[in-house]
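The values are calculated or read from the model by the stated rules, or taken from the named source; none is laboratory data. Since this is a predicted model, take the numbers as computed values, not measurements. Glycine also receives a Cβ, built like all others from the backbone with ideal geometry; neighbour counts cover every protein chain displayed. Surface accessibility is based on the protein's heavy atoms, side chains included, excluding ligands, DNA and RNA. Shrake-Rupley method; radii C 1.70, N 1.55, O 1.52, S 1.80 Å.
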Amino acid sequence: MSDIIHHQHDHIKLPEGSIGKQTSTLNLGPTHPATHGVFQNILEVDGERIVSAEQTVGYIHRAFEKLAERRPLYQITPLTDRLNYCSSPINNIGWHITCEKMLGITTPKRVDYLRVIIMELARISDHLICNSIVGVDTGAFTGFLYVMQYRELIYEIYEEVCGSRLTTNIGRIGGFERNFTPTAFQKLERFLAEYP
């Protein structure tokens, strides 16, 4: 850690003819949209040009581990929702399966199948949002609008299963809070029919 602190105060001397006489130090993260709270970049910049970068990895993602230390197992699901809100059911169910293995719980096959369905929908939804946002970043807004209609169909399924859309708090240790309604399966059938 002392190397990093020392590095922050020692600016790199630039050769004659450079825009500036020395570089500037810039801390990028861990609280920055590009780093999402997981690592820090200490940058040496010459104007807008990055001359060197020192990474510090290992920041606790949104303090998840620290928050989880003082909660009972069943209260962790709202925290796992926020690890990756684009596919929160995967994190939720991953937590539930971890607890079940630790506690020696065997779930019914129906629960296993329903979990796979929900996690696959989450995976598809995550890819839809992440890939379409890359398109938006490069100026392709139409593609984003086109795929969002399928993400909306997935969110309607989530909403029918658990009452929520983005941070779903879906499932429980040992299964789901409630059985899937016939409407949830109708919405799933619609998604399967319309998704290319």
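What the table shows:
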| quantity | calculated |
| --- | --- |
| Relative contact order (%) - the range 64-194, alpha-carbon pairs under 8 angstrom, separation at least six | 29 percent |
| Average accessible surface area per residue within the range 64-194, 1.4 Å rolling probe, Å² | 57 Å² |
| Whole-number Å³ per residue for the convex hull built on Cα positions in the range 68-196 | 104 Å³ |
| Under the Karplus curve 6.51 cos²θ - 1.76 cosθ + 1.60, θ = phi - 60°, whole-Hz ³J(HN,Hα) for the range 149-161, x wherever Gly or Pro sits | 5, 6, 4, 4, 4, 5, 5, 5, 5, 3, 4, 6, 6 |
| For Tyr195, solvent-accessible area (1.4 Å; no DNA, RNA or ligand), Å² | 80 Å² |
| Cβ-based net charge around Val111, under 13 Å, with every Lys or Arg adding one and every Asp or Glu removing one | +2 |
